[in-house]
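Structure first, commentary second.
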Amino acid sequence: MPTSRGFEEMWRDLAPVGRSAVSGGYFRQPWSSAEGELRAWFAAECERRGLTVETDGIGNQVAWWEPDPLVEEGAPRPSRDPGVLAGSHLDSVLDGGAYDGPLGVVSALAAIDVLRDRGFAPSRPLGIGVFVEEEGSRFGRACLGSRLVTGATTWEQARELRDRDGVFLADAVVDAGLDPSAGLLSLDRVGTFVELHVEQGRDLVDRDVAVGLASEIWPHGRWRFDFAGQANHAGTTRMEDRHDPMLTYAMTALAANKQARLAGQRATFGRVAVEPNGTNAVPSLVTAWLDARASSDGALAELVASIERQAEDRAGRDGTTLTLTAESVSGSVAFDADLAARLAGLHGWPVIPTQAGHDAGILSDAGIPTAMVFVRNPTGVSHSPDEHAETADCLAGVEALADVLAELTSAPS
Ligand code: HGY
Ligand code: MN
Ligand code: MN
């Protein structure tokens, strides 16, 4: 069996997993059969490279390439921890693209092949990791796997979350063949984390470079707006007698868009649920989820407060009520500037901010020096079946990641 497989071969293997025949997009929700297939694929790729995979009780995975030899004559050598972990996620948003997440995992595997082909031997452990439910597409909490392993969220909090069908997270994990009582991955060995990711904007295209590094992540979060009104007949209820929560929601969506545009921030209502969802009835309840992002923690708080104020005003006029719940909020992340400058110095890569959330942000918040490598996205489109990266840029990303990992796992000079 070959010990190494090319990037393109791995990419082809992954292409059909969880792919919609209708849109061509991906449905790789956590603890689904598609995600189970991806977990098995990752374990097989690691085994193929002689790396043993550890899968924790909720499906996070890690495999370590140990410095050689770690043990001589049965006597452990002094530990050369901390190690360097590279990785990303394999889950997708609903109808997502192929690259967001998997590019970082496939590139990490391919970078190990590149390092071995170069005859490189790490002086400290070099790991590849995969975190579950990064997108929060099923249980609504972004980066849930990395939040759990860093302790930012506890299992007691997470286990009670329910998906759209009312399934508890704890049951979904067990139904996927995992055992939460087996515990969570330990990050004790992780001295540095590096996540390669497709860029989700057009910064690198505009700079005409294939690879960049991240400086910071904008603060962002998800807020649930429950607009409650009164169900009533669509024909016999006079317009002036209605308490229609759809109107309150509609005005709030427009206000959020306007407020974010005026302030140079981001606000999106991308998910809505209506009860009873009948064509000939005024709805009783509209639940809508706001995704808001801003350039500072203060600006984000101000943006959400302003949207809430306008929603409350409108609710007063519509005779409806608003209940607002913060579901998943991530503060601003500044990646280790010295590390970014050191890595940027390898090839003169630009260091750019991002408005997208990542497990890298969670590990950075947990005090782990962290870097991100971005690969150019020719259109900037992401969270969409149209998300794309050219193969040549992906291969440039693999080489870049290999250079970064070599730099970080070489013996200290
Ligand atoms: O939603 C995000 O920012 C990320 O892509 N998970
Ligand atoms: Mn994403
Ligand atoms: Mn991602």
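The values are calculated or read from the model by the stated rules, or taken from the named source; none is laboratory data. Predicted model, so just to flag it, every value in this text is computed and none were measured. So basically every Cβ, Gly included, is an ideal-geometry build from the backbone, and we count neighbours across all protein chains shown. Areas reflect the complete protein model, heavy atoms only, side chains present, ligands, DNA and RNA absent. Shrake-Rupley method; radii C 1.70, N 1.55, O 1.52, S 1.80 Å.
Summary of values
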{"quantity": "Label-point separation in nm, E275 to D171, each point 7 Å along Cα→Cβ", "calculated": "1.8"}
{"quantity": "Most fluctuating residue given options T268, T52, T236, as computed from a GNM of the chain linking Cα atoms under 10 Å", "calculated": "T236"}
{"quantity": "The chain: angle of helix 297-318 to the longest principal axis, Cα-based, in degrees nearest 10", "calculated": "20"}
{"quantity": "Helical contribution to [θ] at 222 nm, DSSP H n ≥ 4, -39,500 (n - 2.57), averaged over the chain, rounded to 500", "calculated": "-10500 deg cm²/dmol"}
{"quantity": "Portion, in percent, of the accessible area of the chain that falls on carbon or sulfur, probe 1.4 Å", "calculated": "49"}
{"quantity": "Test item: Cα-centred dipole of region 185-317, Lys/Arg +1 and Asp/Glu -1 on Cβ, debye", "calculated": "300"}
{"quantity": "Nearest-ten-degree value, helix 391-409 long axis tilted from longest Cα axis of the chain", "calculated": "60"}
{"quantity": "Calculated on alpha-carbon atoms, Rg and Dmax of the chain in Å", "calculated": "23.0, 87"}
{"quantity": "Choice from E327, E47, E240 showing the highest fluctuation, given a GNM over the chain with Cα pairs closer than 10 Å", "calculated": "E240"}
{"quantity": "Heavy-atom surface of region 220-330, accessible at 1.4 Å and reported per residue (Å²)", "calculated": "52"}
{"quantity": "Cut-off 13 Å between beta-carbons: net charge of the residues surrounding A299, Lys and Arg +1, Asp and Glu -1", "calculated": "0"}
{"quantity": "Neighbourhood net charge (14 Å Cβ-Cβ; Lys/Arg +1, Asp/Glu -1) for Q157", "calculated": "0"}
{"quantity": "Rounded accessible area of L184 (nearest 10 Å², 1.4 Å probe)", "calculated": "70"}
{"quantity": "Degrees, to the nearest 10: 33-48 long Cα axis against longest axis of the chain", "calculated": "10"}
{"quantity": "Alpha-carbon centroid distance for the pair region 115-155 / region 311-379, whole angstrom", "calculated": "16"}
{"quantity": "Residue-by-residue Karplus 3J(HN,Hα) for region 357-373, coefficients 6.51, -1.76, 1.60, Hz, glycine and proline x", "calculated": "x, 8, 4, 4, x, 5, 5, 4, 4, 7, x, 8, x, 9, 10, 10, 10"}
{"quantity": "Cβ charges +1 (Lys, Arg) and -1 (Asp, Glu), total dipole of region 41-187, debye", "calculated": "400"}
{"quantity": "Gain in span if fully extended, R159 to S384, counting 0.36 nm per residue against the direct Cα distance", "calculated": "78.1 nm"}
{"quantity": "Cα-centre dipole for the chain with unit charges at Cβ (Lys and Arg positive, Asp and Glu negative), debye to 20", "calculated": "700"}
